[in-house]
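Down below is the structure, laid out as structure tokens.
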Amino acid sequence: MVDATEEPLTAVKAFQYFYSTCLLIFSVVSIMGLIGTEQTGLSESSGPVPAYIFIWGAIIWLTMIEGTQGSFVGLAPVNPELYKDSHPISFMCNKVMIEGDNLNRYLMGRQFMVCMIVFLINISGGPIADPELWGYGTIVKTIFFSIGGAMIFLTCMAGQLNSQVNASFCMLDYCNNYFAVFTMWVALGIEFSGLLHSSYLLQMLVVKLSGQEVVSKQKPRSAFESAFFWFRCFGSLAVLCFCCAVTFVALYNGQTTMWEGIPPTVSLIIFLILMSVVGMLEGMQIAFFAVSKIPASERGESYFAKKTCDLLFQDGGNNLPGFMIGRQLSVVTCMFFVARVTSVSLEEGEENIFGVPDALQSLFNTGLLGALMLTIVGSIAWQLVASAFPIGFLSSPITYVFLSVCLIFEATGVCSGAWVIAKIHKVIAGFQKDEVYIGTAEERAMKNMNDDSKRLHTGAGMIAPLPAYQVAAPLSLRKLMESNKEVAAFIRALSNANIAEGGKGMEGLAPE
């Protein structure tokens, strides 16, 4: 990803920054207005103050969740001793991350946190039916309230993309705080709880079907650890099935926040389609990173596989980061729709679903059951499949269509306001690029502190992405990098130098 906050400002970019920032400001003001007039879910039931606190707390936490992902993954290959003194908290975090399978565990827990927070943001700021605000016309209300444009722009630009931009180049500064430590342990705690362990059952199945084996950095489990692991796996599967049952019953009974007038069967179909769209987009990013590591001759004979790769890697591979931005907007959009479809809403006097106690029914009403389903079935599952069968993902015409749509979204510049926020945040926080503290990869190699990409646990059944220089380098060059440390250091230095000059790093090099 290019650090767009330091790129030369063109007339087109300036216009995109301006109109996107205006959209963001309008969205924020409108949502705050709806909360103030008690026309959102939480403000209607609890008043404006809790809703204001809740939505901004969720947005701020979402920025840290997104930022720490970029920091932890990007710093994984770097020797932590290099920044032990300058960034002690970052050192503490990443010592934990590179131990065993902790990075993949964090990424799994983080996936649920993202879905959960998007659902909670929807509860806090999502408009009630037919809101009226400051004389807005029908078209404006439809785009920003009914479709959810205001919530999408706020979440995507303020909560996600801006933190991803800064965390991509200022990894050490971004996670050098106790908020990052808290976020890390919450994600690891969610994974440890077993709530998502049914994903491991699918992981084993997918890797088995691919003819490979699950590779772990952990020591072999003891008898007690194995029993505890399998207990969590089947417990998670039972919880997932219960979540599906509650959601389907609520959909068929018309007991969700779905728009009025839509038949239950149609609601269920819409839900399944949205889950599939999110799954495709999640799987596509894993498949694209995987396929960028193999030569063109090994990408299959499918017409759409070739067509997708041609589009993805044209112009030196510039469409890969473009897809990631368009994908983010698309996923957030789908998440808000899924939240509306799956959030349970009972009329006064209606019996609780399955006759559960009121406290449990209140949990159903938050939409968190939908968040859990979306995390496992609509996100992690597809990522695991894509990691094992990337060529199969590329061979689908749907992949090509979705790639094109994401690139169109990115080309509009509708989310360019995120770079404005990122620049402001960077200046206020005093973030500096990592090279200021730990040097380039070449300089680190000269100190016998070479980067070790093996700390990143990737491949079939894994959901961790790769650093830029490993994603886009041709296969023959990567093999040479593995066998010759001087070549590896030189190539990484080229990538860093290119980024520093406003280029795209190794993402700007077309794979074989």
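Roughly speaking, what is the stretch gain from LEU360 to ILE269, that is 0.36 nm per residue apart minus the C-alpha to C-alpha distance, in nm to one decimal?
Full-extension gain reported as 30.1 nm.
From the phi angles alone, apply the Karplus equation (6.51, -1.76, 1.60; θ = phi - 60°) to the range 219-229 and give each ³J(HN,Hα) in whole Hz, x where the residue is Gly or Pro.
Residue by residue, the range 219-229 yields 5, x, 6, 6, 4, 5, 5, 5, 4, 5, 5 Hz.
Determine, from the Cβ-Cβ distance of PHE228 and GLU99 and an R0 of 22 Å, the FRET efficiency 1/(1 + (r/R0)^6), rounded to the nearest 0.05.
With R0 = 22 Å, the Cβ-Cβ based efficiency is 0.70.
Once you've got the Cα coordinates, tell me which of LYS84/LYS433; LYS141/LYS423; LYS13/LYS141 are over 20 Å apart.
LYS141/LYS423; LYS13/LYS141
Using amide H atoms built in the peptide plane, which far-off residues or other-chain residues are under 5 Å from THR256 H to H?
SER345
Give the long-range amide H neighbours of THR40: residues separated by 5 or more places, or on another chain, with amide H under 5 Å away, using H modelled in the peptide plane at 1.01 Å from N.
ILE128
When the label point is put 7 Å from the Cα of ALA14 along its Cα-to-beta-carbon vector, which residues of the range 392-415 have a backbone N closer than 19 Å?
Once the point is set 7 Å along Cα→Cβ of ALA14, 413-414 turn out to lie under 19 Å by backbone N, inside the range 392-415.
Could you order SER45, SER71 by accessible surface area, starting with the largest, using a probe radius of 1.4 Å?
Greatest to least solvent exposure: SER45, SER71.
Quick one: 3J(HN,Hα) in Hz for the range 324-330, Karplus 6.51/-1.76/1.60 with θ = phi - 60°, rounded, Gly and Pro as x.
Whole-Hz 3J(HN,Hα) from phi for the range 324-330: 4, 6, x, 5, 4, 5, 5.
Could you run the Karplus curve 6.51 cos²θ - 1.76 cosθ + 1.60 with θ = phi - 60° over the range 164-175 and give me ³J(HN,Hα) per residue in whole Hz, x for Gly and Pro?
5, 4, 5, 5, 6, 10, 10, 4, 5, 5, 5, 9
The values are calculated or read from the model by the stated rules, or taken from the named source; none is laboratory data. All values derive from a computational prediction rather than experimental measurement. Glycine gets a Cβ as well: all are built from the backbone with ideal geometry, and neighbour counts include every protein chain shown. Please note that ligands, DNA and RNA were not included when accessible areas were found on the heavy atoms of the full protein model with its side chains. Shrake-Rupley method; radii C 1.70, N 1.55, O 1.52, S 1.80 Å.
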